[in-house]
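For reference, the structure discussed in these notes is given below.
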Amino acid sequence: MAKDPAFLFYPQDFLVGVMDMTDEEVGVYIRLLCRQHQKGHIPERVMSRCPDAVKEKFIKDSTGKYYNERLEKETIKRKKYVAQRLANLHGNHKDSHMENHMDSHMEHDMDPHTLNENENENKDLNEIERMNKEYKERLKRNPNVNQEFLAAMGVGK
């Protein structure tokens with residue numbers, strides 16, 4: 001599965017946690033959270049440029065990199081949840097009596113496209129590129145294809 005494009009964000013907890021920070025410190029903090037989510041634990045060279053109020057929100061791991069403990073827990077919890085939902089969606093139940101009881105629910109509750117919007121956007125872009133290429137090839141073979149298309153659509157009559 002591709003990288004999860006999102007993490008759960010709890011605005012009230014966040015606001016309480018940054019209450020004593022300046023706007024600049026809050027900006028640095030949220031960027032570091034996003035960086036951790038996308039690239040993993042944060043190297044010392046990045047953290048060394050951060051204000052102390054922001055550094056206090058991170059702890060050092062055994063390799064000397066920094067991470068926000070709350071984000072780490074939420075990311076792990078979400079990965080487990082998504083994996084469980086995917087297993088349910090694909091019928092990988094451990095108990096045979098549980099085999100079909102969620103099928104209709106899961107069809108609507110966990111559509112695969114909601115798991116990774118970026119992946120679907122890439123597929124859509126690939127389809128658009130393919131169609132554009134096909135249109136250009138048809139246009140080379142028949143320069144009047146655009147007028148034929150417009151006429152078929154009832155435009156310009």
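Readers should treat all values here as calculations from the given coordinates under stated rules, not as data from a laboratory. As the structure is a computational prediction, the values presented were derived from the model and not from experiment. Reconstructed Cβ throughout: ideal geometry from the backbone, glycine too, with neighbour counts over all protein chains shown.
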Problem set entry | Per-residue Cβ neighbour rank within 10 angstrom, fewest leading, Tyr81, Tyr67 | Tyr81, Tyr67
Problem set entry | Exceeding the 27 Å Cα-Cα cut-off - candidates Lys79/Lys133; Lys3/Lys133; Lys3/Lys73 | Lys79/Lys133; Lys3/Lys133
Exercise. Can you sort Val18, Val54 so the residue with the fewest Cβ neighbours within 10 Å comes first?
Worked result: Val18, Val54
Exercise. How far apart, in nm, are the 7 Å Cα→Cβ label points at Ala6 and Arg45?
Worked result: 3.4
Exercise. HN-Hα J couplings of region 70-83 from phi, Karplus 6.51/-1.76/1.60, θ = phi - 60°, integer Hz, Gly and Pro as x?
Worked result: 4, 4, 4, 5, 5, 5, 5, 4, 5, 4, 5, 4, 4, 4
For this session: Figure the gain on full extension for Cys34 and Glu69 (residue separation times 0.36 nm, minus the Cα-Cα span) and round it to one decimal in nm.
Result: 11.3 nm
Exercise. Toward the positive end of the charge dipole of region 5-47, about the Cα centre and with charges on Cβ (Lys, Arg +1; Asp, Glu -1), which of Leu15, Pro43, Gly27 goes farthest?
Worked result: Pro43
Exercise. Going by how many other Cβ atoms sit within 10 Å of their own, how do Leu32, Leu8 line up, fewest first?
Worked result: Leu8, Leu32
